[in-house]
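Trainee: Got a structure for you, questions after.
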Amino acid sequence: PAGLYGSLVYDKERKIYRLYTETLITERDGPRRLRLYNSEDLLTFTPADGPEGENIVFSAGSGIHGASVMYDEHEEDPKKRYKFLGMTDIGRREQYTRNGISVDIAYSEDGVHWDWKGDVVHPFTSDTLNKLFYNPVTEEYGMFFRAAFVDRRICLKKSKDLIHWTQPRIILQPGANYNDGFTGMQHYAMTGNWF
């Protein structure tokens with residue numbers, strides 16, 4: 001399956017692998033939709049039936065960008081088993097602005113139908129993959145992202161409850177060449193997990 005910003009999860013309850021990718025709404029980069037493919041063997045992926053047609057399972061209003069999806073086996077509320085993290089409703093803006101598009105979280109019981117209430121995790125634009133993960137050692141959620149629009153530094157925020165988040169902490173930044181105007185060096189679409 002073709003797509004942007006993929007997330008691969010294993011649904012233990014349904015005994016199926018799920019691949020989420022973003023697909024452009026128009027030919028121009030910007031607003032996207034979340035697609036879903038299912039697999040039992042990681043060799044063959046079948047488009048899943050989505051509520052928005054064409055295996056589209058989530059658009060968050062006018063489109064998403066930089067999404068990650070996780071299957072949370074530590075979650076006690078079955079309605080929040082699946083978690084989406086990314087910029088939402090981005091088609092309402094003609095262009096990204098420094099503080100115009102927030103990073104939000106949405107929840108799903110089945111990974112197909114999403115409950116999105118505009119719960120803001122970070123109030124500023126993060127134009128990259130916004131990776132959500134759970135650390136069972138510290139019992140905290142974390143997110144890797146960019147703290148500001150076109151800021152190439154990778155940051156980390158943490159939360160115990162997905163409501164109250166720490167301030168961004170820089171964990172990786174480009175070297176001096178980038179700071180001197182060398183635009184070929186940047187950290188982009190990074191992903192990671194606890195270790």
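The values are calculated or read from the model by the stated rules, or taken from the named source; none is laboratory data. All values reported here derive from a predicted model rather than from experimental measurement. Using ideal geometry, Cβ is built from the backbone for each residue, glycine included, and neighbour counts are taken over all protein chains shown. Side chains included, ligands, DNA and RNA excluded: accessible areas come from the protein's heavy atoms. Shrake-Rupley method; radii C 1.70, N 1.55, O 1.52, S 1.80 Å.
Trainee: From a point 7 Å beyond the Cα of Ile170 in the direction of its Cβ, which residues of segment 139-159 have a backbone N at a distance under 16 Å?
Mentor: In segment 139-159, the label zone of Ile170 (backbone N under 16 Å from the point 7 Å along Cα→Cβ) covers 145-157.
Trainee: Please state the equivalent ellipsoid semi-axes for the chain: what are the square roots of 5 times the Cα gyration tensor eigenvalues, largest first, in whole Å?
Mentor: After scaling each eigenvalue by five and taking roots: 26, 20, 16 Å.
Trainee: Give the relative contact order (percent, whole number) for the chain; include only Cα pairs under 8 Å separated by 6+ residues. Mind showing how you got there, number by number?
Mentor: Details: 466 pairs, mean separation 25.7, N = 195.
Relative contact order, the chain: 13 percent.
Trainee: I've got another one for you. Please identify, among Lys131, Lys15, Lys80, the residue showing maximal mean-square fluctuation in a Gaussian network model of the chain using a 10 angstrom Cα cutoff.
Mentor: Lys15
Trainee: Next question. Can you give the extra length, in nm with one decimal, that the chain gains between His187 and Lys158 once fully stretched, where that is 0.36 nm per residue apart less the Cα-Cα distance? All intermediate terms of the calculation are to be shown ahead of the outcome.
Mentor: Numbers: separation 29, 0.36 × 29 = 10.44 nm, distance 2.02 nm.
8.4 nm is the gain from fully extending His187 to Lys158.
Trainee: If each of Glu139 and Ser39 carries a label point 7 Å out from its Cα toward its Cβ, how far apart are those two points in nm?
Mentor: 3.5
Trainee: For the ranges 23-31, 83-91, what's the packing order if you count other beta-carbon atoms within 10 Å of each residue, average per peptide, and put the highest first? Walk me through the numbers on the way to the answer.
Mentor: Details: 23-31: 12.9, 83-91: 25.2.
Put in order of decreasing packing, that is 83-91, 23-31.
Trainee: For a quick check, take a GNM of the chain with Cα springs below 10 Å and name the residue from Arg14, Arg35, Arg169 with the largest mean-square fluctuation.
Mentor: Maximum among the listed residues: Arg14.
Trainee: If the cut-off is 16 Å between C-alpha atoms, which lysines fall inside it for Lys79, apart from same-chain ones fewer than 8 positions away?
Mentor: Lys12, Lys117
Trainee: Next up: Please list the non-local residues whose amide H lies under 5 Å from the amide H of Val121, H modeled 1.01 Å from N, same-chain partners needing a gap of 5 or more.
Mentor: For Val121, the qualifying residues are Val103, Asp104, Ile105.
Trainee: Just from its helices, what would the mean residue ellipticity at 222 nm be for the chain, if runs of 4 or more DSSP H residues each count -39500 (n - 2.57) and the sum is divided by every residue, rounded to the nearest 500 deg cm²/dmol?
Mentor: That comes out to -500 deg cm²/dmol.
Trainee: Next question, about the same structure. Over the chain, give the accessible area per residue in Å² for a 1.4 Å probe, as an integer.
Mentor: Heavy-atom accessible area per residue stands at 54 Å².
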